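Readers should treat all values here as calculations from the given coordinates under stated rules, not as data from a laboratory. Please read all numbers here as calculations on a predicted model, not as lab measurements. Methodologically, a virtual Cβ is constructed for each residue, glycine included, from the backbone with ideal geometry; neighbour enumeration extends over all protein chains shown.
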Amino acid sequence: MDRHITSNQLKDVFDRRSFVIGAVQGGIGLLLAARMGYIAVAENEKYTLESESNRVNLSLIPPRRGWILDRNGSPLASNRADFRVDIIPERVHDAQKTVDLLSELLDFTAIEKADLLHRVEEGRGFSAVPVASGLEFDKFAAVSVRLPELPGVIPQRGFSRYYPTGPSVGHLLGYVGAPSREEYETDPEPLLLTPGFKMGKDGLEQQFETTLRGVPGARRVEVTAGGRIVRDLDTREDVQGDPIRLTIDGPLQDYAARRLGLESGSVVVIDCLTGDILAMASMPSFDPNSFSDGIGRVEYSMLAENDRVPLRNKTLKGLYPPGSTVKPMVAMAFLEAGLSPDAAVGCSGGLRVGNRVFHCWKRGGHGHVDMAKGIYQSCDVYFYHFAQQLGMDVIAEMARRCGLGQEFPLPVVSQFYGTVPDPAWKMEKYGQPWQPYDTVNATIGQGYMLFNPLQLAIMSARLATGKVIMPRLVLDGTTPQFGSMNFHGDHVQVIQQAMSDVVNGPGTAGRARLPIDDVLLAGKTGTAQVVGLNLSNGKSGPWKYRDHGLFISFAPFNNPRYACAVVIEHGGGSGAAYPVARDVMTFLFDPQKALDALHGFEAEWGGTAQERLDRDYAAYASAAGVDLPPAPAPMTLARQVDAEARAAVAEPQQADTGAIRPREDATPVATTPPTFGTGVAAT
Amino acid sequence: MRNTIALPAPLAQFPWRVVIPLAMLVLFGAMVLYSAAGGSLSPYASSHLVRFAVTLVMALIMSYVPIEWARMGAIPAYLATLVLLMAVEAVGALGGGSQRWLNIGPLVLQPSEFMKPGIVLILAAFFHALPVGMIRTWRALLVPLGIMLFPMALVLLQPDLGTALAIGFGGVVVMFLAGIPQKWFIGAGVAGMVAIPLAVMFVLKDYQRQRVLTFLDPESDPLGTGYHITQSKIAIGSGGIFGKGFGNGSQSQLDYLPEPHTDFVFATMAEEWGLIGGLFVLLIFGIVLRWGLSVARDAKDRFSRLLAGGLTATIFFYVAINLLMVMGFAPVVGIPLPFMSHGGSSMLTNMLCIGGLMMVERHNRRMGSSNGFS
């Protein structure tokens, strides 16, 4: 290597190397140009899309929910345009501060504030929590102008569910509420996270969720990286959910619910031509309107503590011993088994079977009793006698044919189907053979028999028409054709006449006669004993020990159009039930006359069901203070209510050891009226 | 040269070749900054223009400084800057945290910036003074390395990887141009291949290592460290050929692009002006750098040559690293784009380099005319 380097050689090296550097610089320049060309041209589409998805935020507009209509097209559940406020807990910086300020702006009570704080903390990191709906514009505006201090709070115009008849339809329709985490996990749609979206939580609202929901609208907005909305781009309207049209007659449903008054009970009315359920009311009830923003702790505590279980739908989940209301059905079983309607027994107030005496309710005896008299006078001995002859199996079979112990294909969350006891059932359940006293108990609807009010109404309709009436809740434009029950000869007419005589003849419920000249009601009373005669006379004393009052009926008696079942829990006896049935049936033929009667009662009771509920709430809230546990989420609540209902109707662990001694009164009624109010204090 | 056009001497000697492209670039930069501020001259565009005007005057004054002064001032300037760097460390240590600035009354000094042209200046002076025959000796390697590593270490302590690399790059380019043997570069290259992965794993701070890892796979962390690169590519890519139009860049206007007025100003520009704007910026940088290299080649003495070459390389380093970064070819190191990014230090450093180049150009012309070239 040349050790002698000159200045000129270094100049050459510099020139060469500066050329290299220039070339490297040019090369990098070309590389950059090519890279930029690649990103901006070849990948332009991809990056344009990504830039748009940055810039544009799609927010969903909750769809207007489909209406729930009654059979005549009037709304049982509709939507009201309103101003509402929601919170997205994830975006809230300081829950306590936000809730404090909101409560101040919206004039919340301490309890409402505690509820809101609880929901915000529970919902943390999840979907929107409703704060309030149906706001006046002033309050809405007050929240809107304070938004900079309220991160995560979303005031918006929207629609909220509105049930015009409130508590009357609570059990039937259920209610709506913000989706829970569980619901989102099973159905992870973005709509479920949208503020203001509500889904069905119970009843028909839950059953027809997919029909009612509709298609959400969408609003495209330009947003900054920080989430601030810069401007609206475009809006797609929502598509309202489809309406569903029920078989329910709205005014009748409301009437039935209100007519139950202070009692705890249920009314089911069925159209005998179509099987349409015209009314299915269970009282006391809750106001579904107030549930849709979440169930408040006061409301929950008030409802949960009430021993009349306002959260239970008693038409489907109340199981009761049917009492004497099964007698027409048992008589039909006798007829079909070949017994002549003229076959008679002498009733001397009791019947000796072996070495035991089974008493008739009329201790003095009915004398000569044939089938008609057995029904209209509700003679127990008549039924004891022939049941011993014909056996339990014919009765049990007829009970099942009439719909007792059966589940019906209805779109309801759940229905309890009760028990039709027979020897096989008893052997399996208790491992004991069927005893004569079991038959005796069954013929008067006591012992193991447990049915729900809907089943009683169906039984009434099937006996009245001789057709296999199936209930339905949704109108679908078809007229169902029912098969015959295949009752022989004039058996249907025999029962119709005997049941008419209960009301219009020499029967036990003369005061159930309709105040309408040309329509005759047929019916059958029933009193179901809850405890033995040694504990209570069934008419007074602790509410829990009073007898259930039942009444099944149909009208007109010789051409049945409507069938009805009424059950009054602990009403003291059937005397509490048939006036309700009479007025409800009257409403079907002459609404004004029925309403006049109701208004008289309501003046006495202290207002409509809604008014009484509101007043109770106010009284309860002021008494209770804030120290109440928060309400459970709707799904938990539904499970809890269901479990309690199941526990309430659980069959006895031990087999019965004897016969029921019937009350000495065919249509007893409570000697003290039920407590005013919804019955918190009634124990 | 070009004596066919008879211009008055001051006008003819005015460095039009660089001032016109630079002014165009700075004006374009000001437009981008105007848009990045949401359509407002303040706070970016106006101060950008004022800084350019002030530093341009400074550069023009520099160009009248005799080159010998620069050569003789190299060692004092280097030492002074080193003292300032140590002062920064001391103040930082006393203040309980690292910092890069010195507050001297109303002035905010960032000494590491001065070190970028400073390292070029001292190495050019060193090789100028080094006897020609010693260029292949160890002294030609070890002394410059020592001169470089000391300030680099101080800057790394701040910690400021980008500036340390810029200092290193300027120094290495001067050594390369000075003619030290090629095998040393090859050896250093091989050593670097081995050392860089080790350095990444053991020397770099956590956040620096994270940046390197993210650079290798930006999509791995799209909302964290990879966010910058991803958003920058989205801005450039969505601009297409002609851009979204002035003031219509959604990435920058809606805050998706981080640092839209400093490190990622090129992405801000590319979103609104598209590929056309990008090519324009590359072209201007090409003209400026080509001018810088031609000044270096025309230089008549070793000091001027190395100074001009090194200063050009320093500007190039800024441009290249910044553009490679915004296009996803280099990790995010926090180096602004010369003459476009908003920021006083960057403008000052780059205009110091430009001023140095103008000084060499004026010196070349004087030497050329005194030597009778035309």
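A few points about this structure:
- Counting only other chain Cβ atoms within 10 Å of each residue's Cβ, the peptide B:276-284 averages 3.
- The trypsin sites (Lys or Arg not before Pro) found in the range A:211-310 that occupy coil by DSSP, while having at most 12 further C-beta atoms within 10 Å, are A:R228.
- Using a cutoff of 8 angstrom between alpha carbon atoms and counting only pairs six or more residues apart, the relative contact order for the range A:57-245 works out to 34 percent.
- Cα-centre dipole for the range B:67-204 with unit charges at Cβ (Lys and Arg positive, Asp and Glu negative), debye to 20: 360 debye
- Across peptide B:237-249, the mean count of Cβ atoms from other chains lying within 10 Å of each residue's own Cβ comes to 4.
- 3J(HN,Hα) from dihedral phi, the range A:336-351, Karplus parametrisation 6.51/-1.76/1.60, rounded to Hz, x for glycine, proline: 5, 7, x, 6, 6, x, 8, 4, 9, 10, x, 9, 10, x, x, 9
- Working from Cα pairs under 8 Å separated by at least six residues, relative contact order for the range A:246-365 is 16 percent.
- Dividing the mean sequence gap of close Cα pairs (under 8 Å, 6+ apart) by how many residues chain A holds gives a relative contact order of 14 percent.
- Environment charge of A:G523, counting only residues whose C-beta is closer than 12 Å and scoring Lys/Arg +1, Asp/Glu -1: +4
- Since only A:F587, A:F408, A:H359 are under comparison, the one whose Cα sits farthest along the positive direction of the charge dipole of chain A, derived from C-beta charges on Lys, Arg, Asp and Glu, is A:H359.
- Treating r as the C-beta distance of A:A648 and A:S53 and R0 as 45 Å, the FRET efficiency rounds to 0.25.
- Among the residues of A:51-59, the average count of other protein chain beta-carbon atoms within 10 Å of the residue beta-carbon is 4.
- Residues in the range B:331-352 reached by a label modelled at B:S42 [backbone nitrogen below 19 Å; 7 Å Cα→Cβ]: B:342-344
- Under 30 Å of direct C-alpha separation, and excluding same-chain neighbours fewer than eight residues apart, A:K317 reaches these lysines: A:K198, A:K201, A:K327, A:K426, A:K429, A:K467, A:K524, A:K539, A:K544.
- Note on chain B: dipole from Cβ charges, positive end direction compared against B:V19, B:G247, B:P260; the farthest Cα belongs to B:V19.
- A Gaussian network model of chain B, with springs between Cα atoms under 10 Å, assigns the largest mean-square fluctuation among B:A313, B:A140, B:A270 to B:A140.
- The separation of the range A:396-434 from the range A:256-296, counted between C-alpha centres, amounts to 25 Å.
- Sites excluded, chymotrypsin sites (Phe, Trp or Tyr not before Pro) in DSSP loops with at most 11 other C-beta within 10 Å, longest stretch of chain B: B:139-374
- Close amide H contacts of A:A279 (hydrogens built in the peptide plane, cut-off under 5 Å, sequence separation of 5 or more or a different chain): A:D249, A:V269.
- Extension gain, B:R136-B:I61: 0.36 nm per intervening residue step, less the Cα-Cα distance, totals 23.3 nm.
- Under-5 Å amide H pairs with A:L76, H placed in peptide plane, nonlocal only: A:I68, A:L69, A:D70
- Other residues within the sphere of radius under 11 Å centred on the Cβ of A:G571, judged by their own Cβ, net out at -1 (K and R +1, D and E -1).
- Among residues other than A:R401 with Cβ under 14 Å from its Cβ, the summed charge is -1 (Lys and Arg +1, Asp and Glu -1).
- Theoretical gain in end-to-end length, A:E43 to A:Q481 [0.36 nm per residue, Cα-Cα removed]: 151.0 nm
- With R₀ set to 41 Å, the beta-carbon distance separating A:D614 from A:L233 gives a calculated FRET efficiency near 0.40.
- Farthest positive-ward along chain A dipole, Cα basis, beta-carbon charges - from A:N504, A:I244, A:I154: A:N504
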